Amino acid sequence: MKKVMYVIVLVVCIFTAAFLIIHNGSKEEKTDVEPPITASPADDLDNGRTFSRPEERGEDFSLLETSDVVRRLVKSEDKIKLRKAAKELGDRSIAGTLELSVEDKKAVENVVIGYLKQAKATNARERVEARQQIERLWHAAAPTLLANLNNREPAIAELVIKSLILMRNESIIKAIIEQGRTAEDEDSKALALFALKKMQEQRRTLIPGRECLNEEESAILYERLVAPALNRLSRDVNS
C-alpha cells in the first residue's frame with residue numbers, strides 16, 4: 001500500500017512540475033509583444049468601445065518643424081514623445097515631405113543604430129519597442145538599415161532584414177541589389193541574396209499607417225527587378 005501511495009505522489013509531482021514549466025514557458029513567449037495600450041477616461045467613448053493610443057494625444061507633432069521633431073527623438077526621455085516623433089518622421093517620409101539636414105540625418109542614423117543594438121536586449125519589451133520605433137520611422141530609417149544589412153550580429157541582421165522586407169519599395173530593392181553586386185565578401189553577398197529572396201513575403205505591423213507592399217505589386221517588382229538580379233548574383237557566387 002505504501003508503495004502504491006509513493007507512486008501516486010511521484011506521478012502528481014511530475015505532472016505538477018510539467019504544468020509549471022509549460023505555463024511559465026508560455027508566459028515567457030508572450031512577453032515579446034507590443035507594450036499595452038491604455039486609454040484615459042476622457043478617451044473612453046461609446047460605452048468603452050473607442051480608445052486612442054497614448055501617442056495620439058497631447059502635442060501635435062505634425063505642426064513642428066522637422067528639426068524640432070528630430071530634436072525630440074534624440075533628446076526626449078519620455079517614451080510617448082519618442083513614439084510620436086518617430087511616427088511623425090515616418091509619416092513625412094511616406095508623404096514625400098521629409099527633408100533632413102546633414103545634422104538631422106546623422107542624428108536619425110545614430111538613433112536607429114541605438115534601436116538596432118536594442119535587438120540584442122534580454123528584456124523583451126526593449127526589443128519590441130526598438131522594432132516598433134523603426135517601423136514608426138519607416139523610410140526615414142531605411143538608409144541606416146541598408147548600411148547594416150551585412151551586420152554580423154544575428155539579432156541585428158534579423159531585425160534589419162525583417163524591417164526592410166516590411167517597408168520594401170523599388171528604391172530599397174534596388175539598393176539591396178546594388179549591395180549584393182558590390183559586396184566584397186561572400187557573407188555580405190549571401191545576406192543580400194537572402195533579403196532579396198524574401199521580397200514577396202507579406203509582413204504585418206501594429207503601427208497605424210504602416211503597410212507592407214501588397215502581393216500584386218510585390219510580384220511585379222519581384223519579376224522585374226529581383227528575379228533577374230538573383231540570377232546574376234547566383235552566377236557570381238557559383239563562378
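Here is a yes/no grid of residues against (1) touching a residue at least 60 places away in the same chain (Cβ under 8 Å); (2) under 26 Å from residue 61 (Cβ atoms):
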{"site": "136", "(1), (2)": "yes, yes"}
{"site": "141", "(1), (2)": "no, yes"}
{"site": "154", "(1), (2)": "no, no"}
{"site": "158", "(1), (2)": "no, no"}
{"site": "163", "(1), (2)": "no, yes"}
{"site": "172", "(1), (2)": "no, yes"}
**OP:** Look through region 179-226, keep the residues that are of a type in the set (Lys, Arg) and assigned to a helix (DSSP H, G or I), and return whichever of them is farthest from residue 134 (Cα to Cα).
**Re:** 224
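Can you say whether residue 151 is under 29 Å from residue 189 (Cβ atoms), surrounded by fewer than 16 Cβ atoms within 10 Å (Cβ to Cβ) and not acidic (Asp, Glu), as far as the supplied structure shows?
Numbers: under 29 Å from residue 189 (Cβ atoms): yes; surrounded by fewer than 16 Cβ atoms within 10 Å (Cβ to Cβ): no; not acidic (Asp, Glu): yes.
Against the criterion (under 29 Å from residue 189 (Cβ atoms), surrounded by fewer than 16 Cβ atoms within 10 Å (Cβ to Cβ) and not acidic (Asp, Glu)), residue 151 does not qualify.
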Original post:
Which residues, counting only those in region 122-144, are assigned to a helix (DSSP H, G or I) and buried (at least 24 other Cβ atoms within 10 Å of the Cβ)?
Top reply: 133, 134, 136, 137, 138, 140
**OP:** Would you check which residues across region 118-150 are modelled with pLDDT of 95 or more and among the polar types (S, T, N, Q) and list them?
**Re:** 118, 122, 123, 132, 133, 144, 148
Original post:
Of the residues in region 141-180, how many are of a type in the set (Lys, Arg) and touching a Leu at 6+ places or on another chain (Cβ under 7 Å)?
Top reply: 2
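The values are calculated or read from the model by the stated rules, or taken from the named source; none is laboratory data. Since the structure is predicted, the reported quantities are computational estimates derived from the model, not experimental observations. Counting neighbours? That spans all protein chains shown, and the Cβs are built from the backbone with ideal geometry, glycine included.
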